[in-house]
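Presented below is the structure to which this report refers.
The values are calculated or read from the model by the stated rules, or taken from the named source; none is laboratory data. Since the model is a prediction, treat every value here as computed from it, not as a measurement. Here the Cβ positions follow ideal geometry from the backbone for every residue, glycine too, while neighbour counts run over all protein chains shown.
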Amino acid sequence: MTAREDPVVSVQSLKTYYHDDSIVGAKPPVRAVDGVDLDIREGETVGLVGESGSGKTTLGRTIIGLADATDGVVEADGQDVTEFDAEQARDWQRRVGMVFQDPEESLNDRMTIGEIVQEPLKAHDWPVLTVAVEGDATVRGSGVRPAEPDETVDLTVGLDGDVTVRDELPLSADAVTAAVDRSGDAPTVDVTVEKSRAEIRRDRAFDLLDRVGLSEQHFYRYPHQFSGGQRQRIGIARALALEPEFVVLDEPVSALDVSVQARIINLLEDLQDEMGLTYLFIAHDLSIVRHIADRVAVMYLGNVVELGPTESVYADPHHPYTVSLLSAIPGSGSPWTGERITLRGSPPNPRDPPAGCPFATRCPAKIRPDDYDLPERTWRALDELRVVFRTRARAEASAAETIKRLIGLDVAGQDLRETVSDLLADHDLPPAAQSTVDAAVELAAGGDDDAAAEQLREAFGSRCDREHPEPYDGGEDRTSQCLRQEAEYDGVAETIRARQEDEP
Amino acid sequence: MAGAHGPSSDAADDEVTPETASTILPTESPTLVWVGLGAGLLAFEVGALATFLVAILSDTLAAASLPGVGFVEGIEAAARQLPTLLSRETVPNEGYWNGQRWVGTFLGLRPEVAWGIRVALVYLYALAVAGWAVLGYRLYRREYRAADWTPRDDVIDRFRNHGWGLFGLAVVFMFVVMAVFAPALGPTTVDKNMRNSYDNELTYWDAETDSVETILVGEANLASQSRGDGEERVGPMEYDDFGRFHPFGTLPTGRDLFTFIAVGSRISLVIGLLSVGLSVGVATSLALIGAYYKGRVDLGMVLVSDGVMAMPQLLLLIMLTTVLKDTWVAGLYSGAFLLALIFAFTGWTYMWRSLRGPALQVSERQWIDAAKSFGQRPRTIMRQHMLPYITGYLLIYGSMTLGGAIIAIAGLSFLGLGVSPPTPEWGRAVNLGQEYVDTGSWHISLIPGLLITLVVTGFNALGDGIRDAIDPRSDAAGSDADDGAAAGRGGGA
Amino acid sequence: MSDEPLLSVRDLEVVFHTERERIHAVDGVTFEIREGQTVGLVGESGSGKSVTARSILGLVDEPGRIEGGEILYRGEDLTEDNWADHRGDIAIVFQDPTNSLNPVYTIGNQIEEALRIHQDLRGRAATDRAIELLEDVGIPDAPRRVDEYPHQLSGGMAQRAVIAMALACDPDLLVCDEPTTALDVTIQAQILDLLAELQAEQDLAILFITHDMGVIEDATDWVNVIYAGEVVERAPTEALFDHPAHPYTRALLESIPGRTDPDERLPTIEGEVPTPTGPATDCRFAPRCPEAFEDCRSVAPEHVSLDGDRSAACLLHDPARSDGGERQ
């Protein structure tokens, strides 16, 4: 599994936003992918990990052309996939494959396995056999065309009428006859294929089923007669039908049992070796990615926050999110030694990502401002308070609450003071900090949650809250988006460990 | 391992019980024999068929007021000369008692027997044609089709085991045959008994004078009315005073109810099927397109359909029938075609609304994405990956709407719209008999009412059968322990 | 901890009746939970672990039926339709939080309903208690969240709310049926922490059902490995991970990626979990077992006691049938 420096797909500052389709009252778009750079090199497996909502699936779909990019470039063979029209997109989709997460859902259960596996072939009228002639000649015949330069050649015809068929095709040389006519200026080759396209397709389907570990008898069955693992094999056979060079695997084993998982992963690795495939392996399970991927990209809130060779990233993660993810692997599978890091809260709403670092709201290694000298747990309480204000500002007020506020029945204010006093109960704030907090609470009680959050950010925010970090080159083919990579700061892991020690 | 279960009704079965050509047709050239059989069957009806085809041609020409009408009428006359073996002329049931025996009936049999023979022959013939078609399909499957098994075989096998669906098929078959052979089935004809009853005479045995008399059909009808009890009715399977046999009794006008129903089945079925078919077609296409593209396309459809729904259907009907009265569209099939169009135009919205939900649901399934991922074309995705999943709903709503359409047409004729009397039509028979439901003349409303129910049930059952047949999961025979495994996993992860 | 187990399941048999066959989804499952203990039930799909969980709550639906064995809660057999008496003592948390919450009621409403039924709390008192419960399960800004609808909560928050609901009846035993499977790893870590915290505070006993060996390793004291309706191995968690005794447990642990060298192929278990359609006459794992010998196909293995209270249902450990236990 040696990765060459030649990207099959190169993703550059890609943004994919989902807009609501409603005519009135459009909400801000969901920023599913928000500026991603990623090269996928020939023959490698890139693992794309992240939590649900991180945009990993959308990134995969945008590359395949299933989702429309808002901005940026997906470059393949010097062309921008995001600019393709319908026909070009079809042509691109012919050269890529995709395996989906849920084997119960991804196969149409009204179709037989044979029909399912053959469907991509039929959709592209496969095969139109490419013919190369030794020497200069015109090629004629139905179902064949002359091969373009740099194209895979299906049939090679000698000027003596000898025919060689590419090994992968379910076609024997006996079934092809080539008549060479030398009467004109240039010789003309008439190619006749005795086998009908439907038959070639069927045999191709048999081949594919065999490759993924199923047999010919399964051809006539329906998906509901198969177990989850077998159905996923069928999905893989379908994705490989058109001999793609690049396959997006969207959580292909997440819905399967451990023992079945292992077999599918082995199958995917075998197929990669045999067919020289390039994989983008999307997963939320870090152990699987560690096993299968050559390089790993960690996504958070539409950003690739860390990218690098798998072993190196797992051994020495640079981004605090990667550290947290690795430490959250349950059981002894986690490469993180020491106490598990439990992130607080959930990822922010991708409609409304934080202005600075996307991970700042949950970061265990967040840079703290020098203005105050507070213990880490107090910082966290303040962060949490800000999240509370932000959540309140974004929440739709119910009709009852709106009326209560209008007529001055300040129930929310009451609740709010309770929450604040609960949160900050056993923290000692310096007077300056305390007065800032009090002012913010008053603002929020008056209904302006946004201003309250803003006030806290101004007072207690750090660089992490203001600056969206650029990718830092971490050497060894690694990048990460964290301000702690700058020389002036302590490293991520040591900061986290130090803070863990401070905690009771 | 599910894969280890015995093969479902797949290719293996065909191989285990080889149906060689000799078991289908015991001959060396089965195709030739099959074609010969077809030709033989055709010969029975060549006259009717020719007349029918020419009639369509002349109708179209007349409607479009093109030249050449006269010429076509000539052909029509010629076509009438062609013999039709299963016609009322060959097996007549209209005759009279001359004091000793029946005159003019088939082999001198009593009219009811003669009529019964004709009806039986017609149905036998229809069965023979159906059998011939099945034979042809099996022959094709055996001899000409390249694949020895296709998924469609499974569909047919599943349908064959679906009792309710088969019942539906039988009912629908009976009604279609009734509609197709309507002129040959009635004891009398619309022309003679209804449309031109005062231009036709009838010979009968007058019991009072003990002699054979002649009377105008119209006058005979007046004396055979069903408007109450006892003497005032001619019930089902009874003779009237003029020796005419009425299998379903007579109408309040004294006309023959069976003839009315048989011929009416044509109009009712044509309007019903055409309007339901059209609205199903429109609704399905729109539901699929809307669900596939979603967003604004779907929203646009909602607006359009709401607009159409907001139009009062009845007013629209009155308006359109009046406006289009003298155009060629209104002339097609006594206005039935126009009615079907209007029904379809106002009806698709409701059907679309019902199909939209299921279509949107299926459009969210992952296999749609999978098909998009390898560049399948939208049209194929809609047809292959979405349509089968809404077919079930479509068949149910379609068959239910069918009954509604037939009844609605009846309501319209009541208002003087729609199909104008005396062209027979089921709903009108129900209407005509309403006053007499609690009297001895109950048959007038009840029989056509029951038939409407039966037809709707039949189409419903057929729809159910087809829906189950196209769903491989309903295949009880083929799934062995798979269902069991699923049940066992019911609580599992 | 008293000697009397809080819950004791003995020879539980749950059979699903389908048109064609009887499926023994749970076939003689035996295990115990003591007060304050976390016991794991781990197995693949179709192994019968969820059916076991549902039986304890009396939630087995048609066509399933409990056909044998007993479920003793503090010595009282629940299978004699005693569930109603212990509704408040045993609570369950399901896999998918969004399915366990009714979308048309606020979180508060749903917790208050549980409080009304089990603790007879109403009105302001119930609301206050609901807010307390939400704070207990770590939902920030609980006074506001209590009035929110399930769709306004993230998956992790929703699962916390479900746990709060389960705690509303102040149970002694919490049955967690794959409580973290639908959640992301970082959220899973939060929920595991929360459960551990709650257990320490409230002396809860937890039955933890999952397919994830990693979660079992982190969260439980004792493990029961279940395969095709039967418990094949039970052991203290640490001992099980150190020395798995049953070949199935061993294979399961080996096939988890990340524990082996990435350059090597993952060890796999061939075949699939069988569906038990009759009483066991052989070892159900034998067809897939790399160490199966002749007797495995003709004898249904009994549990053999091994050192430290643990046991395994495998003939390899039966001294009479093999050279016994050499693998420990």
Inset, instruction - Considering every residue within the range A:349-364, establish whether at least one is assigned to a loop (DSSP other than H, G, I, E, B) and farther than 21 Å from A:Gly35 by Cα. - result: yes
Legend entry - Candidates A:Asp150, A:Asp185, A:Asp181, A:Asp160 - the one that is in contact with a strand residue (DSSP E or B) (Cβ under 6 Å, 6 or more places away or on another chain), charged (D, E, K, R) and farther than 30 Å from A:Thr112 by Cα: A:Asp181
Legend entry - Of all residues making up the range C:152-183, the number that are within 12 Å of chain A (Cβ to nearest Cβ) and of a type in the set (A, V, I, L, M, F, W, C): 5
Inset, instruction - Return yes when A:Glu75 is modelled with pLDDT of 90 or more, within 23 Å of A:Leu307 (Cα to Cα), surrounded by fewer than 22 Cβ atoms within 10 Å (Cβ to Cβ) and more than 9 Å from chain B (Cβ to nearest Cβ) and no when it is not. - result: yes
Inset, instruction - Output the qualifying pairs, or none if there are none: Cβ atoms under 6 angstrom, residues six or more apart or on different chains, first residue in the range C:38-50 and over 20 Å from C:Leu7 (Cα atoms) and touching a residue at least 40 places away in the same chain (Cβ under 8 Å), second residue in a loop (DSSP other than H, G, I, E, B) and among the β-branched types (Val, Ile, Thr). - result: C:Glu44/C:Val273; C:Gly46/C:Val273
Legend entry - Filter result for the condition that a residue is assigned to a helix (DSSP H, G or I) and either surrounded by fewer than 19 Cβ atoms within 10 Å (Cβ to Cβ) or not basic (Lys, Arg) (or both), over B:Phe175, B:Phe242, B:Phe248: B:Phe175
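Condition check ((1) closer than 16 Å to A:Cys363 by Cβ; (2) within 11 Å of chain C (Cβ to nearest Cβ); (3) within 22 Å of the chain's Cα centre (by Cα)) across all residues:
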position: A:Thr310; (1), (2), (3): no, yes, yes
position: A:His318; (1), (2), (3): yes, no, yes
position: A:Leu326; (1), (2), (3): yes, yes, yes
position: A:Gly331; (1), (2), (3): no, yes, no
position: A:Gly338; (1), (2), (3): no, no, no
position: A:Ile341; (1), (2), (3): yes, yes, no
Legend entry - Any chance A:Leu301 is touching a Pro at 6+ places or on another chain (Cβ under 7 Å), more than 9 Å from every other protein chain (Cβ to nearest Cβ), hydrophobic (A, V, I, L, M, F, W, C) and in contact (Cβ under 8 Å) with a residue 60 or more places away in the chain: yes
Legend entry - Selection within the range C:219-238 - within 14 Å of chain A (Cβ to nearest Cβ) and surrounded by fewer than 22 Cβ atoms within 10 Å (Cβ to Cβ): C:Thr237, C:Glu238
Inset, instruction - Could you pull out the residue among A:Leu271, A:Leu249, A:Leu280 that is in contact with a helix residue (DSSP H, G or I) (Cβ under 9 Å, 6 or more places away or on another chain) and assigned to a helix (DSSP H, G or I)? - result: A:Leu271
Inset, instruction - Test B:Glu219 against the criterion of being under 18 Å from B:Gly243 (Cα atoms), of a type in the set (D, E, K, R) and not in a strand (DSSP E or B), and give yes or no. - result: yes
Inset, instruction - Check every one of the helices (runs of 4 or more DSSP H) wholly within the range B:306-418 and list those with 1 or more residues that are more than 14 Å from chain A (Cβ to nearest Cβ), over 23 Å from B:Ala461 (Cα atoms) and not basic (Lys, Arg). - result: B:313-323, B:328-331, B:336-363, B:387-414
Legend entry - Test result for B:Leu273, outside the structural domain of B:Asp229 (by TED's automatic domain parsing), within 13 Å of the chain's Cα centre (by Cα) and at negative phi: yes
Legend entry - Of residues in the range B:94-148 being touching a helix residue (DSSP H, G or I) at 6+ places or on another chain (Cβ under 8 Å) and outside any helix (DSSP H, G or I), the one surrounded by the fewest Cβ atoms within 10 Å (Cβ to Cβ): B:Ala146
Inset, instruction - Report whether or not C:Gln95 is within 14 Å of another protein chain (Cβ to nearest Cβ), within 20 Å of C:Ala53 (Cβ to Cβ) and among the polar types (S, T, N, Q). - result: yes
Legend entry - Given (1) surrounded by 20 or more Cβ atoms within 10 Å (Cβ to Cβ); (2) not in a helix (DSSP H, G or I), number of the condition A:Thr419 does not satisfy: (2)
Legend entry - Residues being within 41 Å of the chain's Cα centre (by Cα), outside any loop (DSSP other than H, G, I, E, B) and either modelled with pLDDT of 80 or more or surrounded by 17 or more Cβ atoms within 10 Å (Cβ to Cβ) (or both) - total across the range A:422-439: 2
Legend entry - the range C:159-182: number of residues that are closer than 17 Å to C:Thr210 by Cα and either surrounded by fewer than 24 Cβ atoms within 10 Å (Cβ to Cβ) or in contact (Cβ under 8 Å) with a residue 60 or more places away in the chain (or both): 11
Legend entry - Members of the range A:153-183 found to be in contact (Cβ under 8 Å) with a residue 40 or more places away in the chain and either loosely packed, with under 13 Cβ neighbours inside 10 Å or within 14 Å of another protein chain (Cβ to nearest Cβ) (or both), listed by number: A:Glu168
Legend entry - the range A:357-367 - residue that is in contact with a Gly (Cβ under 8 Å, 6 or more places away or on another chain) and either closer than 9 Å to A:Asp465 by Cα or among the small types (Gly, Ala, Ser) (or both) and, of those, modelled with the lowest pLDDT: A:Thr361
Inset, instruction - Filter the range C:28-51 down to the residues that are part of a strand (DSSP E or B) and either away from every other protein chain (no Cβ under 14 Å) or at pLDDT below 90 (or both), then identify the one that is farthest from C:Ile92 (Cα to Cα). - result: C:Gly28
Legend entry - Flag if A:Ile116 is within 28 Å of A:Ser254 (Cα to Cα), buried (at least 20 other Cβ atoms within 10 Å of the Cβ), within 9 Å of chain B (Cβ to nearest Cβ) and out of contact with any Pro (no Cβ under 9 Å at 6 or more places or on another chain): no
Inset, instruction - Name every residue in the range C:239-290 that is more than 19 Å from A:Gly229 (Cβ to Cβ), assigned to a loop (DSSP other than H, G, I, E, B) and within 12 Å of chain A (Cβ to nearest Cβ), in order of residue number. - result: C:Gly258, C:Arg259, C:Thr260, C:Asp261, C:Pro262, C:Asp263, C:Glu264
Legend entry - Search result, residues across the range B:277-305 that are of a type outside the set (Ser, Thr, Tyr) and either away from chain A (no Cβ under 14 Å) or within 23 Å of B:Leu338 (Cα to Cα) (or both): B:Gly277, B:Leu278, B:Val280, B:Gly281, B:Val282, B:Ala283, B:Leu286, B:Ala287, B:Leu288, B:Ile289, B:Val304
Inset, instruction - Would you mention how many residues in the range A:71-87 are part of a loop (DSSP other than H, G, I, E, B) and either at positive phi or in contact with a strand residue (DSSP E or B) (Cβ under 6 Å, 6 or more places away or on another chain) (or both)? - result: 2
Legend entry - Scan of the range C:265-299 for residues that are small (Gly, Ala, Ser) and surrounded by fewer than 17 Cβ atoms within 10 Å (Cβ to Cβ), ordered by number: C:Gly271, C:Gly278, C:Ser298
